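Below you'll find the structure, written out as structure tokens, and then a few comments.
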Amino acid sequence: MSAKQEDLTVPRHIAIIMDGNGRWAKERGLPRTEGHRRGADSVQEIVESCGQLGVKYLTLFAFSTENWKRPKAEVDSLMKMLERFLKQKTSEMMKQNVRLQAIGRLHDLPESCQNQLHKSIETTSQNTGLTLIFALSYGAREEIIDGIKSLVESVEKGHLDKGMIDAEVFSKHLYTRYYPDPDLLIRTSGEMRLSNFLLWQMSYTEFYITSVLWPEFRREELLEAIRDYGRRQRRYGGVGDI
Ligand code: FPP
């Protein structure tokens, strides 16, 4: 059945931990960079599919703060791939009405990568379809620390009363302040962990873990995750229908 004929409950915000590029390459006797290259094709297909399905926000964990520990050659290649992807796909994003955003310690990225990122963000800023958020040099603990520093500064400057701090106010000091919390987290390649991704924002997010490796996660696998999400009963700590 096509997605159109099917009555899908489409999540407003999907977050994805794109894992398994290295394993996909290893299984085929290919260099890890080839896995990342094929992973970039999955990114393209999933962005397009989310836009068509009416998902409003898609956050992709593209590079973590921990990923800097990988061999320099792999890091360099990932940065080049990201820059090339942005350069080549910005016109596609314009056609598909996709608005690009980014979260993380973006100043850690190589300068040419930062420049291209800001150019693509600026070019797509008026688009009204899917908001695609790349998490780059992103770590949730780092984000929370940055959020606390920003809160303390607001209190010290007298812009905020300490007694007013609650979960909603704190959320406004995170990188994700402009976006709703994710409804669905997808993690590919079977690992059952959060790996320092959106720790604060995923308090009530539904998790979907698949053994499919990221380079093979395409439209049909996405639809399967959304179908599974549609069968969940979200209770947010309440009792739901009894
Ligand atoms: C995990 O595979 C993947 C990443 C390091 C991040 C995702 C990167 C891409 C999809 C490449 C291109 C991205 C863009 C945005 C153009 P892994 O290397 O951890 O796999 P493994 O666990 O099997 O080794």
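Could you give me D for segment 1-150, from Stokes-Einstein at 4 °C and 1.567 mPa s, where the hydrodynamic radius is the Kirkwood radius over C-alpha pairs? Units µm² s⁻¹, please.
Details: Rh = 16.4 Å.
It diffuses with D of about 79 µm²/s by this estimate.
If you stretched the chain out fully between R193 and R177, how much longer would it get, using 0.36 nm times the residue separation minus the C-alpha to C-alpha distance? Spell out each step's value before the answer.
Working: separation 16, 0.36 × 16 = 5.76 nm, distance 2.38 nm.
Working it through step by step, the gained length comes to 3.4 nm.
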Quiz item: When Lys and Arg each count +1 and Asp and Glu each count -1, what net charge do the other residues less than 13 Å away from Q101, Cβ to Cβ, add up to?
Solution: +2
Quiz item: Just the Cα atoms of segment 1-88: what Rg and Dmax do they give in Å?
Solution: 15.3, 47
Quiz item: In the chain, what percent of the accessible surface is made up of carbon and sulfur (1.4 Å probe, ligands and nucleic acids excluded)?
Solution: 49
Practice problem: Determine, from the Cβ-Cβ distance of V10 and E142 and an R0 of 30 Å, the FRET efficiency 1/(1 + (r/R0)^6), rounded to the nearest 0.05. | Solution: 0.45
Practice problem: Report the dimensions of segment 128-175 along its three principal axes from the alpha-carbon atoms, largest first, rounded to Å. | Solution: 36, 25, 17
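FRET efficiency for K87 and D108, Cβ-Cβ distance as r, R0 = 25 Å, nearest 0.05?
On the way: r = 20 Å, r/R0 = 0.79.
Step by step, r from the Cβ atoms, then E = 0.80.
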Quiz item: Ranked highest first by the average count of other Cβ atoms within 10 Å around their residues, in what order do 179-188, 110-119 fall?
Solution: 179-188, 110-119
Quiz item: Can you give me the Cα centroid spacing of segment 112-181 and segment 60-84 in angstrom?
Solution: 22
Practice problem: Report the extension gain between Y204 and R23 in nm, rounded to one decimal, defined as 0.36 nm multiplied by the number of residues separating them, less their alpha carbon distance. | Solution: 62.2 nm
Quiz item: Kirkwood Rh, segment 45-90, all Cα pairs: how many Å?
Solution: 12.5
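Grab the other residues whose beta carbon is less than 14 angstrom from that of S171, score K and R as +1, D and E as -1, and report the net.
Values: positive: K172, R177; negative: E143, D146, D166, E168, D181.
Overall, the nearby charge balance is -3.
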Quiz item: To one decimal place, what Kirkwood hydrodynamic radius in Å is obtained for segment 141-242 from all pairs of distinct Cα atoms?
Solution: 16.2
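With each run of n ≥ 4 DSSP H residues scored as -39500 (n - 2.57), what mean residue ellipticity at 222 nm is computed for the chain after dividing by its residue count and rounding to the nearest 500 deg cm²/dmol?
Calculated from helices alone, the mean residue ellipticity at 222 nm is -13500 deg cm²/dmol.
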Exercise. Would you mind calculating the gained length between A73 and Q52 on full extension (0.36 nm times residue separation, minus the Cα-Cα distance), in nm to one decimal?
Key: 4.0 nm
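The values are calculated or read from the model by the stated rules, or taken from the named source; none is laboratory data. Remember, predicted model here, so these are calculated numbers, not experimental data. Ideal geometry is used to build each Cβ from the backbone, glycine not excepted, and the neighbour counts take in all protein chains shown. Surface accessibility is based on the protein's heavy atoms, side chains included, excluding ligands, DNA and RNA. Shrake-Rupley method; radii C 1.70, N 1.55, O 1.52, S 1.80 Å.
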